[in-house]
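One structure is given below, encoded as structure tokens.
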Amino acid sequence: MFFQKNKDYSFPLSLSIPKDTTLRWSNDFIFLQGPAGTLIKTKGPLELAIKENRIYFLGPLTAQGNVLFARLQSLLVGVSEGYTSRIRLFGVGFRVWEETPGVLSFKVGHTHPIFYKVPSDISVSISPNKGALLLLKGCEKQRVNQIAQEIRLLRKPNAYTGKGIRLAKEIITLKPGKREKK
């Protein structure tokens, strides 16, 4: 069977709803609640149906429909399991501690500590070994990664020494110095 160019093809895409997760929607909003948190997002032009603990996407198979479906899948994973991002501090004396609830204090090679206010939708845990490891948790993947990048920009890794704040999976290739080039 060949597909015609201007014909609208609709295939039933579906997702299973994780255990202990509630999903409701109105004309404009999707409400998701699970063990890891609660989210309320705009629905967009999604046409949805629930049958036997599965959610079906009934709309046309377009680029926008696929993006909205993938976003819904990401939100379901977020409220059921949550997303994490690990941050490491590299450098002698580099550490982080929680000054007050929701405010992190970084000592990363400056003459003064740098303060960062963590949004309320992100939870933070700091390793007990001198604060060299930071773990961010949240319901939205994009939001957790955005906060991780903002923290990384407080002291980007140095290309020659490797000192700085970096994501745990990030690999820094050090540049050779003047003396090592010969």
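Computed from the coordinates by the stated procedures, all read-outs in this text should not be read as laboratory data. In this text, all values refer to a predicted model and were calculated from it rather than measured experimentally. Cβ sites come from the backbone with ideal geometry, for glycine too, and all protein chains shown count toward neighbours.
Structural remarks
- Sorted from greatest to least, the principal axis extents spanned by the alpha carbons of segment 13-80 come out as 32, 23, 19 Å.
- Residue 51-residue 92 pseudo-label distance in nm [points 7 Å out on the Cα-to-Cβ vector]: 6.8 nm
- With a cut-off of 15 Å between beta carbons, the residues surrounding residue 98 carry a summed charge of +4, where Lys and Arg count +1 and Asp and Glu -1.
- For the chain, alpha-carbon Rg relative to the globular expectation (2.2 N^0.38 Å, N residues): 1.39
- Theoretical gain in end-to-end length, residue 129 to residue 146 [0.36 nm per residue, Cα-Cα removed]: 3.6 nm
- Nearest 10 degrees, 0 to 90: helix 63-80 Cα axis against the chain principal axis: 60 degrees
- Nearest-0.05 FRET efficiency for residue 103 and residue 40, computed from C-beta distance (R0 25 Å): 0.45
- Cross-link table 19/107; 117/175; 19/130; 141/178; 107/137, entries beyond 30 Å C-alpha to C-alpha: 19/107; 117/175; 19/130; 141/178
- Cα long-axis angle, helix 141-152 against the chain (0 to 90 degrees, to the nearest 10): 10 degrees
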